[in-house]
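Each remark here refers to the structure printed beneath this line.
Bear in mind these aren't lab numbers, they're just calculated from the coordinates by the rules spelled out. All figures in this text were calculated on a predicted structure; none of them were measured in a lab. Here the Cβ is made from the backbone with ideal geometry for all residues, glycine too, and neighbour counts use every protein chain on show.
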Amino acid sequence: MLDAFSRTVVSADAKTAPVGGSELASLRSYVQDGNKRLDAVNAITSNAYCIVSDAVTGMICENTGLIQAGGNCYPTRRMAACLRDGEIVLRYISYALLAGDASVLDDRCLNGLKETYIALGVPTQSAARAVAIMKSAATALIGQTNSPASGGAKYRKMETTQGDCSALVSEAGSYFDRVIGAIS
Amino acid sequence: MKSVVTTVVTAADAAGRFPSQNDLEAVQGNIQRAAARLEAAEKLAAGLDNVTREAGDACFNKYAYLKQPGEAGDSQVKIDKCYRDLGHYLRLINYCLIVGGTGPLDEWGIAGAREVYRTLGLPTNAYIEALTYTRDRACAPRDMSAQALNEFKSYLDYTINALS
């Protein structure tokens, strides 16, 4: 497993060169935006249950066949497995966001996930849709772009300092896209 | 690669939980000290060749017998390899300063070093002398800020202790 710092070190070692100059710039921005990053991770972890359950129910609402007999979220035992998987994916995304590097997500979650889903008969299209809903919820919470209109009864704004966190929003979004790309 | 973040994530993953407040605080502590580390890494990277040369010269000055026939530095090729190795150690220290932990030194420098040096008949004293010279030569604020120097010297000491 690597983080943003060890990723730089590993690629510098391949060239037997020290890390200096321009490579330090991206690490300095990680350090400078360190508190923003921790707030972003906190935004995901604090709302994990809400993000996951909304994504899974949203996925089912769009495709109600899933909870009819023979559907992949029927009976509750299988829907519970679905909720559990949503939480696992979100957890590894929160690790990747904390580390600033996708290696933990790749190695421990995505490696072989598609093959497992195919073997178990899980519809990867629906799974990808649930991840996409998690993406929009998580990025809205991190970037504070959520509104009462989109959040409804579950609307919540994180109590963090206002500022530009577009870089973190797109970084977090890229991890969700990575999951979607890996299973579809 | 062991670092504060990977240690925290490994522990959280083993417990199957999201990163907790404790984890975030641990990472925050690492980030707070990062500015000094990155400064030290930058200055070391910029002067790596000079530092290596001075350290190697110091070691051959103290142990002049190393250049005599039959010793570890009796040909230019072997002398060059000594300088190269010192450069490797300093580069690994640069990596440690980046990562904020001893992972790079442990995994790429120290693991197996004792066995290799024994097999090749190399004296570790010479490396210790070179790294000690570097440690005592470096000074703040000429080379880097005091806090950065503190970080740099702690990794030099770690390497010296590992070779002792």
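Quick look at the values:
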read-out: ³J(HN,Hα) computed for each position of segment A:149-161 - Karplus, 6.51 cos²θ - 1.76 cosθ + 1.60, integer Hz, glycine/proline x; value: 5, 7, x, x, 5, 9, 4, 8, 10, 6, 7, 10, 5
read-out: Candidates B:Ala72, B:Ala11, B:Ala138: whichever shows maximal mean-square fluctuation once chain B is modelled as a Gaussian network with Cα springs under 10 Å; value: B:Ala11
read-out: B:Ala146/B:Asn50 FRET efficiency (R0 30 Å; Cβ-Cβ; nearest 0.05); value: 0.90
read-out: Sequence of A:Arg91, B:Arg142 once ranked by neighbouring C-beta atoms within 10 Å, starting from the fewest; value: B:Arg142, A:Arg91
read-out: Residue among B:Asn22, B:Asn125, B:Asn150 with the largest mean-square fluctuation in a Gaussian network model of chain B, springs linking Cα atoms under 10 Å; value: B:Asn22
read-out: Debye, to nearest 20: dipole size of segment B:105-164, +1 on Lys, Arg Cβ, -1 on Asp, Glu Cβ; value: 160
read-out: Virtual spin-label span in nm between B:Asp57 and B:Asp136, 7 Å along Cα→Cβ; value: 1.7
read-out: Chain B: relative contact order in percent, alpha carbon pairs under 8 Å with at least 6 residues between; value: 30
read-out: Using θ = phi - 60° and Karplus 6.51 cos²θ - 1.76 cosθ + 1.60, couplings along segment A:108-120 (whole Hz; Gly, Pro as x); value: 9, 10, 7, 5, x, 5, 4, 4, 4, 4, 5, 5, 8
